[in-house]
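Take this structure, written in structure tokens, and hold onto it; I'll ask about it next.
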Amino acid sequence: MTTLGRSTARRKPPHVLANTPFRKLWTAMSVCSLGDWLNLLALTALAGNLTVGSGYKVQSLAIGGVFVAKMLPAILLGPLAGAFADRFDRRMTMFFCDFLRFALVLSIPLIGNYQWVIIATFLVECVNLFWVPAKDATVPNLVPKERLEEANQLNLLVTYGTAPIAALLFAVLSVADDALGNLVPFFAQRETYLALFINALAYLVSAFIILSLKDIPKAGAQAATSTPSVLRQIFEGWRFVGGNRLIRGLIIGMLGAFAAGGAVVGVAKIYVGALGGGDAAYGVVFGAVFVGMASGMFFGPRLLRELSRRRLFGLSIVVAGVVLVAIALVHNLVIVVLLTVLLGACAGIAWIIGYTMIGLEVDDNLRGRTFSFLQSLARVTLLLVVAVAPTLAGLFGEREIRVGQEPVYQFDGSNLVLLVGGLLAVVVGSVALRQMDDRRGVSIVADLIAAARGERFAPESAEQERGMFIAFEGGEGSGKTTQSRLLAIWLRDQGFDVVQTREPGSTKVGMRLRAILLDAVHQGLSARSEALLYAADRAEHVEKVIRPALQRGSMVISDRYVDSSLAYQGAGRALDIEEVKRINGWATGGLVPDLTVLIDTPPSVGLARLGGAADRIESEPLEFHERVRREFRALAAAEPDRYLVVDGTLPQEQISSLIYDRVREIMPDPVPQESEDVTGTIPAIRD
Ligand code: TYD
């Protein structure tokens, strides 16, 4: 690298906010987000206030209506608006949208009836649908690629970070409105109007910031980035998610957390009203969810570092459910607010862990879709929850529990919804915990106590594998694939649960590694990288296939294992055998087979048995294969108790019966009853 290159590589690029066009756009976005949240609060509160004399049921339904009007456009028109953003001048789109939003929001207090609240809400959301993709599509035009992630983080920060600020502002504005009502009669009895005026103003401010942003390129030059329809995303995502246990657990859990939060938001207005709180109190409860969520997201990853993340994820959802149940039952506003912070924190922890795990566990080419799937599903869940929650609350109505004539406990529809939501979260959390537990057999309580002390709980029994592990080794064409398959059949006949597998290529990642390793195109692959790739395949194989099967108590039969690397990479490629042993010890976590069957065949015989095109290793010269064979034999000779060496030139049945005899000696006793059938078989492969 040249000196110049090095110095540019080292120089820290300026912060993304130092970029004036982006800073402007970001400011407009922050102002709008603040406006959006204020809008949500003011309108739900207004809907409640406008229907205040009409009874609990009508009031609940009215609030539900606002949420539906807010969510519906995104689901119906989302894809259309995305295409719009690619076709028209984005700056003008955003400007007009802002202006329209300003006018629409302003009209709500001026017209002041419930029907218009709903219509205007629906229209504002339709407009938002055009504003948001235009904004999203603009960001990459203003920000260099390497700063995009930072820019997206900032965007996310203002999208959610403005919620608690809006909640606080709303609380203050509600109080100010009361005061103002004494001076200006218009504001009297209209507690939410001031908030709506400020909300409208926010859109107007954004409109002018956008107008001053001349750097936004005219549309048409950019590649189309239209979003696929929500239904399509859901369908594709479902296919992927359905097939993966971990992701399934994560998504179920995250949606559960989302639904719990949604239940609170959906009934908060009525619930707070029943506790004697006004609009200001509603703002506080709403803000509490977000303050909690933000702190959960921030502190969550640092919390109980020694606890398995998967467990923390499931646990936080269960705790969220328990807290929600408490919120449902306690009739004290202060306690409810405190509990709401805790609820938000649990939801925040679940979200951040879930998001990070999806980021880590999902392949790059699927990650975008998984996230968008999650987002679509979250939107639908939220719609359902916030629409159903108040409706359900309304249908249940107000109830009192009486002892004699005395009412002792108030239990309304909103209590019921929160209670049901809480119980649901507990169930969902437990399901997630079970689906993705990575420490099966270890008590959660013991784990938690140890984590609280800053230690990792390591019980002796958990690490104890109950199954049996048999590896087959041998040179090319030795017949080990056939023999391992016959042994699997034989063991199954004895009633064992058998997992038959092979190396390389028994996992998703392994298949790709296998393609690299065996493709004759990669002739120049260095010996060390070859050794590392085989070890990588093995690490994946042990963690994803072998260990889980052994822990279930299965018999695992693997066609090739560590010895292949010692023989092929160590002896064959003349790498230091001790070094190859070390990396493999690390890769497998020290897992050694209970028995290794070496089918010893002279390479001249084995290679002659192969048909078809030779792969990269098969096409090595004869001396290479001789070295491999010698190493296998040396390994077996060093540990006769753990090896069975059979002459590969014997007839097939004779080899089999020698193997069965030996396996019978070490077979666990008694044979487990009613074990499941095939857990994992692989197609026949050439030896
Ligand atoms: P495969 O087609 O599975 O062959 P076989 O039926 O002979 O097992 O290809 C595996 C090839 O990879 C084989 O030529 C041996 C080689 N190999 C190594 O060099 N090192 C290893 O650690 C392993 C597992 C395989």
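Would you mind stating whether Ala425 is within 16 Å of the ligand (Cβ to nearest atom), modelled with pLDDT of 85 or more and either among the aliphatic types (A, V, I, L, M) or in contact with a His (Cβ under 6 Å, 6 or more places away or on another chain) (or both)?
no
Could you give me the residue pairs with C-beta distances under 6 Å whose first residue belongs to region 430-455 and is modelled with pLDDT of 80 or more, whose second residue is open to solvent by less than 30 Å² (accessible area, probe 1.4 Å) wherever it lies, and which are 6+ apart or on separate chains?
Between residues of region 430-455 that are modelled with pLDDT of 80 or more and residues that are open to solvent by less than 30 Å² (accessible area, probe 1.4 Å), the close pairs are Ala432/Gly249; Ala432/Gly253; Ala432/Gly314; Leu433/Gly314; Ala451/Leu307.
For a quick check of your reading of the model, give me the residue pairs whose first member lies in region 501-514 and is without any contact (Cβ under 8 Å) to a residue 60 or more places away in the chain and assigned by TED's automatic domain parsing to the domain that holds Tyr534, whose second is near the ligand (Cβ under 10 Å from one of its atoms) and open to solvent by 30 Å² or more (accessible area, probe 1.4 Å), with beta-carbon atoms closer than 6 Å and at least 6 apart or on different chains.
That search, which allows pairs on different chains as well, returns Pro504/Arg514; Gly505/Arg514; Leu513/Leu533.
For residues that are in a helix (DSSP H, G or I), touching a helix residue (DSSP H, G or I) at 6+ places or on another chain (Cβ under 7 Å) and open to solvent by less than 70 Å² (accessible area, probe 1.4 Å), tally how many sit in region 403-449.
Adding up the residues that qualify gives 21.
Ok, one more. Just to be sure I understand the filter: pairs with C-beta atoms under 6 Å, separated by 6 or more residues or on different chains, first member in region 611-633 and near the ligand (Cβ under 9 Å from one of its atoms), second member of a type in the set (Phe, Trp, Tyr). Which pairs pass?
Matching pairs, first to second residue: Val628/Tyr568.
I need a count of the residues in region 41-55 that are in a helix (DSSP H, G or I), open to solvent by 10 Å² or more (accessible area, probe 1.4 Å) and of a type in the set (S, T, N, Q).
Within region 41-55, residues that are in a helix (DSSP H, G or I), open to solvent by 10 Å² or more (accessible area, probe 1.4 Å) and of a type in the set (S, T, N, Q) number 2.
If you go through region 544-563 one residue at a time, do you hit one that is more than 33 Å from the chain's Cα centre (by Cα), open to solvent by 30 Å² or more (accessible area, probe 1.4 Å) and at pLDDT 95 or above?
yes
Go through region 391-408 residue by residue and tally those that are touching an Asp or Glu at 6+ places or on another chain (Cβ under 8 Å) and within 14 Å of Ala274 (Cα to Cα).
Residues that pass the stated criteria total 4.
When you scan region 547-588, how many residues do you find that are within 13 Å of the ligand (Cβ to nearest atom) and in a helix (DSSP H, G or I)?
Number of matching residues: 18.
Looking at Glu530, Glu540, which is the one that is assigned to a helix (DSSP H, G or I), within 9 Å of the ligand (Cβ to nearest atom) and surrounded by fewer than 23 Cβ atoms within 10 Å (Cβ to Cβ)?
Just a single option satisfies the conditions, and that option is Glu530.
Go over the candidates Leu38, Leu129, Leu76, Leu100 one by one and state the one that is farther than 30 Å from Arg399 by Cβ and surrounded by fewer than 18 Cβ atoms within 10 Å (Cβ to Cβ).
Of Leu38, Leu129, Leu76, Leu100, the one residue that is farther than 30 Å from Arg399 by Cβ and surrounded by fewer than 18 Cβ atoms within 10 Å (Cβ to Cβ) is Leu76.
Same structure, new question: Would region 287-295 turn up any residue that is crowded, with 24+ Cβ neighbours inside 10 Å and within 19 Å of the chain's Cα centre (by Cα)?
Yes, that holds for at least one residue.
Now for a different question. Out of everything in region 634-647 that is assigned to a helix (DSSP H, G or I) and in contact (Cβ under 8 Å) with a residue 40 or more places away in the chain, what residue ends up being most open to solvent (accessible area, probe 1.4 Å)?
My answer is Arg642.
Right, another one. Which one of these does Gly606 not meet: (1) at pLDDT 95 or above; (2) assigned to a helix (DSSP H, G or I); (3) of a type outside the set (Lys, Arg)?
(1)
Yes or no: Arg492 among the charged types (D, E, K, R) and within 15 Å of the ligand (Cβ to nearest atom)?
Against the criterion (among the charged types (D, E, K, R) and within 15 Å of the ligand (Cβ to nearest atom)), Arg492 does not qualify.
Name, by its number, the condition in (1) closer than 22 Å to Val428 by Cβ; (2) at pLDDT below 80 that does not hold for Arg311.
(2)
Okay, moving on. Restricted to region 502-527, and to residues that are in a helix (DSSP H, G or I) and away from the ligand (no atom under 13 Å from the Cβ), which residue is least open to solvent (accessible area, probe 1.4 Å)?
This residue is Val509.
The values are calculated or read from the model by the stated rules, or taken from the named source; none is laboratory data. It should be emphasised that the depicted structure is a prediction, and the values quoted were computed from it without experimental measurement. All Cβ positions, even for glycine, are placed from backbone atoms using ideal geometry, and neighbour counts span all protein chains on display. SASA here: full protein model, heavy atoms, side chains in, ligands and nucleic acids out. Shrake-Rupley method; radii C 1.70, N 1.55, O 1.52, S 1.80 Å.
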